[in-house]
1. Could you list, in sequence order, all residues of region B:215-250 that are closer than 20 Å to B:LEU7 by Cα and hydroxyl-bearing (Ser, Thr, Tyr)?
2. Output the qualifying pairs, or none if there are none: Cβ atoms under 8 angstrom, residues six or more apart or on different chains, first residue in region A:41-55 and within 12 Å of another protein chain (Cβ to nearest Cβ), second residue among the basic types (Lys, Arg) and assigned to a helix (DSSP H, G or I).
3. Taking C:PRO147, is it within 14 Å of another protein chain (Cβ to nearest Cβ) and either over 25 Å from B:LEU273 (Cα atoms) or not small (Gly, Ala, Ser) (or both)?
4. Assess whether A:ARG207 counts as being at pLDDT 90 or above, more than 14 Å from the chain's Cα centre (by Cα) and within 19 Å of A:ILE35 (Cβ to Cβ).
5. Taking the residues in region A:168-199 that are open to solvent by less than 10 Å² (accessible area, probe 1.4 Å) and among the hydroxyl-bearing types (Ser, Thr, Tyr) as candidates, determine which candidate is nearest to A:THR83 (Cα to Cα).
6. Would you call A:ARG77 at the interface with chain C (Cβ under 9 Å from one of its Cβ atoms), out of contact with any Asp or Glu (no Cβ under 8 Å at 6 or more places or on another chain) and on the phi < 0 side of the Ramachandran plot?
7. Looking only at region A:120-133, count how many residues are of a type outside the set (Gly, Ala, Ser), farther than 18 Å from C:ARG176 by Cα and open to solvent by 30 Å² or more (accessible area, probe 1.4 Å).
8. Which one of these is under 21 Å from B:LEU208 (Cβ atoms) and within 10 Å of chain C (Cβ to nearest Cβ): B:TRP51, B:TRP105?
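The values are calculated or read from the model by the stated rules, or taken from the named source; none is laboratory data. Worth saying up front: this structure is predicted, and the values here are computed from it rather than measured. A quick note on method: Cβ atoms are made from the backbone with ideal geometry, for glycine too, and the neighbour counts reach across all protein chains shown. With ligands, DNA and RNA removed, areas are computed over all heavy atoms of the protein, side chains included. Shrake-Rupley method; radii C 1.70, N 1.55, O 1.52, S 1.80 Å.
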Amino acid sequence: MTLLVARALTMRFMGLTALDGVDLELAAGEILGLIGPNGAGKTTLFSVIAGSLRPTSGEVRLDGTALGGLPAYRVVRAGVVRTHQIVRPFSNLSVRENVAVAAQHGARRAGDDPEERTERVLAFIGLEERARDMPAQLTLAGRKRLELARALATAPRVLLLDEVVAGLNPSEVLALAALIRRIRDEQGVSIVMTEHVMAAVMSLSDRVIVLDQGKIIATGTPREVVSEPRVISAYLGQVDGREQSATS
Amino acid sequence: MAQVFDLVLSAVLLAGLYAMMAYGLGLIYGVLRVVNLAHGGVIMCGAYLGWVLHERLGLDPYLALPLVMAVTFGFGVFLYRVLVCHLPRGAAGGPASLLLLFGVWLVLRNAAYLLFTANDQVIRTSYSTHSLPFFGTFLSVNRLAVLGLALVIPLALQLFLSRTYLGKAIRAVAQNADSCTLVGVDVERVYAITFGLGTALAGAAGLLSATLFSFNPAFGAGELLKSFVVVVLGGLGSVLGTSVAALILALVEVFAILVLPSYLTSAVGFVMLVLVLVLRPGGLFGRPVLG
Amino acid sequence: MKRWWRAAARAKLLVYVAVVALLAAAPALLEPYTLNLVTLAYLMMAGAVGWNWMGGFVGQVSFGHAALFGVGGFVAAHVLSSSSLPSPVAWLVGGLAAGSFALGARPTLRLRGPYFTIASIGLGEASRLVFTYWDWFTGGASGLSLPLMRESKQELYFWGLGLAATAAAISMLIRRSALGLELLAIRADVDAAGDVGISAPSLQTRMLFLSGAVVGVSGGLYASFFGFIEPNDMFGFDRSVAFVLMAVIGGLGTVHGPALGAVVFVLVQQSLLASYPELYLGLYGSLLIAIILFEPLGLSGLGLRLGRRIDARWLEPRRAAATAARQAGSP
């Protein structure tokens, strides 16, 4: 069953076309990988779906309900939440309070008690020991988990992960990847994740779509997509030696 | 019809003054991302400085201009080095910079009250009442001089910013202060000098204003808000934008006098400010001040 | 919002009630002059605490709150003069009017930081000019007198105490509730707050109304207290500045700081006006500068530092010793 559908999403800022007629479909329970070279428009796509940006044209629907143009907080309350590439914890609140503030809205959606939800999410993500700490006291891996916990606390149906394992060492990447899989398996959340760490994307994704210069250039299983010539040249330049314009 | 022409002329002359005031505020905001709430206070200081020099030393205000600008420049540098540099930069500064500079303004006001009493003053020279004929009407010499200087000074500023090393350094810091430290620009020095330039422009505007209108220690609040209107409407870094915005403000004010009772005309500037901020924060030209 | 019941049940409330009870006994002990001063302090406390909900909790520093004080005051004065409704009703009506008037500034809420502040100066000054001109409402430059003094100064003391206590209680409840947490999140990062479902616009609007209403009620009581109000005093820029100063001196954004700041402000104002009236602007300006540079949380900040030092020097060693003794005692 298709959960999230984006049709013909176009985003233009001051002469630059960041997204050009992007179509995207996310099935319930799916993990969709979104890859592409730097500057391809991945974060812009997330911002448009999550409501931080209003698209120039096109529409986004969650289970039939239109999300286009809604402010971010409405989109979250409808069930679509995003994490940020550079984590943005509330620096003046403790770990627990960070999650609690998000759990308010999640509890309303899910119909449970906000305090219970907070404790459950903290335990699931593995942050109960650090609940009283301030975000500045956590390591980067800890703060990434906090970002994830906060998003999860909003009881989302769709989770948009923006380079969530970026900057982590290999063992941290493995741990976080396992957590992401558990989020899909145990919490029933459908996920779209963008990543540059190929190992993570390939092992987690059921399907992958490739974005280059605002357009989708390939979709398919991880293995299919990785061997497509267009994808390779988007990342590495023309195979026959002519350099494609750098998109970083 | 003749009345409309008169009014438009008044507006043009007034616009020059407003543009000068706006430059000082805009420069500091554009480079340091700090809103100088003491701007009104410095304008007031410029007015009093010029008045004192004229009353006590008989110095003609237009000749005193460079001196007043030098003093207010020094004051600005002092303000930066002693107070402002300690504030966190940018958005993190938030209420802190506003409150700090507001405090400075209060101190300036009090100093003026103590030194000069609360009475209205104005700089009256021997030629204050002279006017020159112009297309059937008369233009006061003072207003013409102010307009002339209001054209010359910003042009000089533009040249300074585009031709000199320091000017380019200022523009670079406005764009990306971190990168500037990487290429050897002394950012703190640039900030101090920019702040000084901003206050120098404010001081000049105050002096020129003093030749046209009366002032007292409470002077400056309205000027601060009007400067802000011009800065937001005109955008940053655009001389054309600032000039047009100043002209729009002046025209609205001048024609409002026809419609509104005199008491409320000062409210026009305030209302325009709120309207501009809420409806058109992106401004008309140049870099938008907001977002 | 059931959590606020739990918050109210905590021990701190007992201390709070005790303080209020003590203050209620004051009229028996104090002479009229001091009593009046304290009453005025209560009104300013309520105003400062109410201001702080916008300036400190939401983080939008307003230099235009005098407009709300004025609206509340003059509306209450009119109700008192033209009807026989009890005074508290008149004050509440003034408060509601002020709160509604504040909502007119709603479009400015999405302005960030300094822009909001400058807009508030514009709105405050524009209000002053318009209302002063509207002489039916304000009596023009000469002001409005209430035809009769309904309450004794003693009665007003208790009403003032009630208002200040209520405002402080609301402050405490907001801070401890989910709303308080959301406001803190908005202050930390308004966009990230939206990304977890927090609607900054609706929260800020609610606080704007509440802030305006409380400041308006204090304006109404002020009118009853003096029996005469005039627009330059009620709507003046100095009045707006006073609210800012009180909150900053006591501690911007803290729960009780503004109340403390208001007390200090009123006391200093009284003694200054007696001895050095011509220095008060400079004094406040220097105070602002000093606070911003050295202790941004004002008196509350100083109190916290002192508390931490006491803790470090006397309480912590005792705790450490007790722990060590316990460990030595166990087998």
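1. The one that is closer than 20 Å to B:LEU7 by Cα and hydroxyl-bearing (Ser, Thr, Tyr): B:SER243.
2. Matching pairs, first to second residue: A:GLY51/A:ARG74.
3. Details: within 14 Å of another protein chain (Cβ to nearest Cβ): no; either over 25 Å from B:LEU273 (Cα atoms) or not small (Gly, Ala, Ser) (or both): yes.
No, not satisfied.
4. yes
5. The residue in question is A:THR194.
6. Numbers: at the interface with chain C (Cβ under 9 Å from one of its Cβ atoms): yes; out of contact with any Asp or Glu (no Cβ under 8 Å at 6 or more places or on another chain): yes; on the phi < 0 side of the Ramachandran plot: yes.
Yes, satisfied.
7. Filtering region A:120-133 down to residues of a type outside the set (Gly, Ala, Ser) leaves A:120-122, A:124-125, A:127-130, A:132-133.
Next, from what is left, pick out any that are farther than 18 Å from C:ARG176 by Cα: A:120-122, A:124-125, A:127-130, A:133.
Those still in the list that are open to solvent by 30 Å² or more (accessible area, probe 1.4 Å) too: A:120, A:128-130, A:133.
Summing the residues that are of a type outside the set (Gly, Ala, Ser), farther than 18 Å from C:ARG176 by Cα and open to solvent by 30 Å² or more (accessible area, probe 1.4 Å) in region A:120-133 gives 5.
8. Details: B:TRP51 fails: within 10 Å of chain C (Cβ to nearest Cβ).
Every option except B:TRP105 fails the conditions.
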